[in-house]
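The values are calculated or read from the model by the stated rules, or taken from the named source; none is laboratory data. Remember, predicted model here, so these are calculated numbers, not experimental data. Here the Cβ positions follow ideal geometry from the backbone for every residue, glycine too, while neighbour counts run over all protein chains shown.
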């Protein structure tokens, strides 16, 4: 059919409109594709930048050294390092932290000597004076049962034994193996590298069992001395057999070994630990309270004993540090093992280097070990809120975390006329009277306090504000400059803010 006239014009107009509409749709589709392609590239570039900014090249690196570490006894250490943002390296990597299960100052001597200032190691030189069982037991320190080194102190021991025939004695070695109470005549007093120690014969018993208490301590600085303990929890281990009737030939009655009885198997304790989900420390304290005992009596002795041990070996630690170029490169975790007598007197039996942190034998200890590791890394400045390598932090101590203003104390005295020339003793805490090294020392202590989590300071010792206010400065007159300054600074911080008192 032929279309003509107005109908033809109308048809042509409609056809043109359809063509224009199709063209517009095409143009719009093209613009949309270009827009999407543009933003796809933009997102890809953003994602690349983000991945670069969080790449492993910026992450801190840990290196774990030990014998047969693939056997799993350090699995919790590996895990916590990774959870706080570290990646695993080795001796040849650009590592930030070395965690060595063995004492590293002989086997890894060349590594230690070539350390960079930002690198950290989980041992201090000289702590063998504390963790060596012979050195510690024969040091004549309060809270440690009397002991005699053999064969050097054989004569002195025999004199003590003859004067006190009622006392019982245990012969021990550095390996802590073969411990048994024996009559004096059966002791081998000529055996090298051993010692005899008085046996605590009236131990505190729970459900008829003898037990020991493990307290985790972290040493963060030697000069000045700073020591912390895990305050919120502890390790409790029970002998496998009832203590009475005592038979000293059966060591399972009085020696806590590897196959000890855990808290959750003790009838009087499992209700606290299992039913009420208490920590080991809360469980033990709840039991003491149920017996009318005050657990604070034990807590005070723990603080005093651990501080006393480190103070007694302080000069040895300082001397051992003299040959180290980078004196801020170290921290160390130890476990102090105590026993308690029936009168709540506490006795320190040993201090363990590289304490067991594996829950393979007792899975119920997993949370405790994780907390021990995390709190140690935190107070030592290894687990940080800044997820980058430790390298470079030494120069300015990350001013956004702590500056001169945060460590300033006694502002009124320091702005007085008397302290304009730094001549008087009371001006020693004024920042303008300190060296940069001393300021850095205070900044380290400041960060430790804020990163301490569940740890608490045992030295410099905790105090009340009243004790800080009435402290006799002459009591610190025998201390070295750094220790005197550190203790005075903590007292000043305590007076300004009670949270700094402990």
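None of 321, 334 is in contact with a strand residue (DSSP E or B) (Cβ under 6 Å, 6 or more places away or on another chain), surrounded by 15 or more Cβ atoms within 10 Å (Cβ to Cβ) and either at pLDDT 95 or above or under 28 Å from residue 83 (Cα atoms) (or both) except 334.
For region 256-276, how many residues meet the condition of being over 25 Å from the mean Cα position of the chain (by Cα) and more than 15 Å from residue 287 (Cα to Cα)?
Going through region 256-276, the residues over 25 Å from the mean Cα position of the chain (by Cα) turn out to be 259, 261, 264-272, 274-276.
Checking which are more than 15 Å from residue 287 (Cα to Cα) leaves us with 259, 261.
Number satisfying all stated conditions: 2.
Taking region 475-491 as the range and being crowded, with 16+ Cβ neighbours inside 10 Å and in a helix (DSSP H, G or I) as the test, the residues that pass are 476, 482, 483, 484, 485, 486, 487, 488, 489, 490, 491. Of all the criteria given as (1) over 24 Å from residue 379 (Cβ atoms); (2) buried (at least 17 other Cβ atoms within 10 Å of the Cβ), the one not satisfied by residue 472 is (2).
I need the strands (runs of 3 or more DSSP E) fully contained in region 200-315, keeping only those with at least 2 residues that are without any contact (Cβ under 8 Å) to a residue 60 or more places away in the chain and under 23 Å from residue 345 (Cβ atoms).
Qualifying strands (runs of 3 or more DSSP E): 235-238.
Okay, residues lined up against (1) part of a helix (DSSP H, G or I); (2) more than 25 Å from residue 352 (Cα to Cα); (3) at pLDDT 65 or above; (4) not assigned by TED's automatic domain parsing to the domain that holds residue 355:
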site	(1), (2), (3), (4)
13	yes, yes, no, yes
20	yes, yes, no, yes
24	yes, yes, no, yes
33	yes, yes, no, yes
37	yes, yes, no, yes
45	yes, yes, no, yes
70	yes, no, yes, yes
73	no, no, yes, yes
102	no, no, yes, yes
